[in-house]
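Here is the structure we will look at.
The values are calculated or read from the model by the stated rules, or taken from the named source; none is laboratory data. Predicted model, so just to flag it, every value in this text is computed and none were measured. Note that each Cβ is placed from the backbone with ideal geometry, even for glycine, and that neighbours are counted across all protein chains shown. Heads up: the accessible areas ignore ligands, DNA and RNA and are worked out on the full protein's heavy atoms, side chains in. Shrake-Rupley method; radii C 1.70, N 1.55, O 1.52, S 1.80 Å.
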Amino acid sequence: MVVWITGASSGLGLHTARALARAGHTVIAGARSFTPGRGEDGIHRLTLDVTSDESAEAFAEAALALSPRVDALVQCAGILMLGSCEETTVAEYRRILETDFLGMVRMNSLVLPHMRRQGGGRIVMFSSINGLLGIPFQSAYTAAKHAVEGYAECLGMEVHRHGVQVCLVEPGDHRSGSDAYRFHSAAMGEGSPYAADYADTIAVIAHDEHSGSDPDVLGERVASLLKRRKMPGRLRVASLDQKLAVWLHDLLPTRLNHAVLRGYYLNPKKAAAYRAQEKSGS
Ligand SMILES: NC(=O)c1ccc[n+]([C@@H]2O[C@H](COP(=O)([O-])OP(=O)(O)OC[C@H]3O[C@@H](n4cnc5c(N)ncnc54)[C@H](OP(=O)(O)O)[C@@H]3O)[C@@H](O)[C@H]2O)c1
């Protein structure tokens, strides 16, 4: 198969691209930081900024010159903004939505005419557990991933007749993401009325990410997804407690669910313990 993959310079995108190449696919990977060329791992790398029409079109043209078909598009490009709902600016929300949601929309619109002409194809979009539930101080990312979830459902139904399959990958915390793609809203300094809760939540989020699941396992699971005759509509790759959080979110009344999540994230004692752990390097 010829597989295009976005956001493949770091984190889960990089691990997935490597797993796809090991599985024998022709992998054409895009990221802003790539210098065009073929690596020792066999992956073709091309420059791609998913927020730009020109860049996405140039990527597609160069990819089609390398190989004239596109059997699968795997969309991993994503960035994260941390901040309070009150203080995160519209421009900051827009930045996250431009990459995490509209970037995927743009790439899908580019590949779909080719996939329809070929008589089929596969689209895999990286959502998140945050596409299913909200946590404090991640509203921009959560909104973008919820948009991806809703959009993918509409897309899957529309393209079914054209032989195109759509799958959402919903990772829980993985110890792969780079801090370079985790931004803090400019307002989140000591003057913020949310400063203490914010600091505690960040400590819990950082701890959970650093002790998260193995990114290679996720990469292999996405590679085996492409081997299946029919892909599932969703692939959730998360720890048992994160899967449990989703089940509870769907089962519990909202107020009770929020109380559970507040207790988990806005937890000064736990945050202090994690901060101490990090300081001592254990
Ligand atoms: N890591 C986790 O625990 C986790 C959990 C749930 C979901 N996810 C999702 O999995 C995906 C990968 O996340 P990650 O944390 O593993 O990776 P990451 O280390 O944060 O890497 C982000 C990737 O996105 C690319 N990117 C950012 N802006 C881009 C743009 N405008 N155009 C093209 N590429 C762009 C970056 O490459 P350049 O800077 O070179 O462009 C980089 O390769 C994301 O969609 C994320 O939401 C991750």
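Which residue fluctuates the most in the chain, going by a Gaussian network model with Cα springs under 10 Å, if the choices are 121, 219, 39? Judging by the Gaussian network model, the answer is 39.
Across every direction, the projection of the convex hull enclosing the Cα atoms of segment 70-167 has a mean area of 5.9 nm².
Extension gain for the segment residue 94 to residue 66, taken as residue separation times 0.36 nm less the Cα-Cα distance, is 6.7 nm to one decimal. Rounded to a whole number, what % of the accessible area of the chain do carbon and sulfur atoms account for, probe 1.4 Å? The value for the chain is 54 percent carbon and sulfur by accessible area. For segment 173-282, the set of trypsin sites (Lys or Arg not before Pro) satisfying both a DSSP loop assignment and a count of at most 15 other C-beta atoms within 10 Å is given as 175, 228, 229, 230. Size descriptors for segment 120-188, from the alpha-carbon set: Rg then Dmax equal 14.6, 47 Å.
Charges at C-beta only: +1 for Lys and Arg, -1 for Asp and Glu. How large is the resulting dipole of the chain about its Cα centre, in Debye rounded to 20?
1000 debye
Eigenvalues of the alpha-carbon gyration tensor of the chain, scaled by 5 and square-rooted, set the equivalent ellipsoid semi-axes at 33, 20, 18 angstrom, largest first.
Per residue, the Cα convex hull of segment 121-273 amounts to 135 Å³.
For the peptides 134-144, 40-50, 3-13, what is the packing order when you average, over each peptide's residues, the other Cβ atoms within 10 Å and list the highest mean first? List each step's numbers first, then the result.
Details: 134-144: 22.7, 40-50: 18.7, 3-13: 24.6.
The packing order, highest mean first, is 3-13, 134-144, 40-50.
Ignoring ligands, DNA and RNA, how do 208, 241 rank by accessible area with a 1.4 Å probe, largest first? Provide the component values of the computation, followed by the final result.
Values: 208 20, 241 95 Å².
Accessible-area ranking of 208, 241, largest first: 241, 208.
When only alpha carbons are used to place a centre, segment 255-270 and segment 127-142 end up 15 Å from one another.
Once every DSSP H run of n ≥ 4 in the chain is given -39500 (n - 2.57) and the sum is divided by its residues, what mean residue ellipticity at 222 nm do you get, rounded to the nearest 500 deg cm²/dmol? Can you show the working numbers first?
Details: 10 runs with 137 residues, N = 282.
After summing the helix terms and dividing by residue count, I get -15500 deg cm²/dmol.
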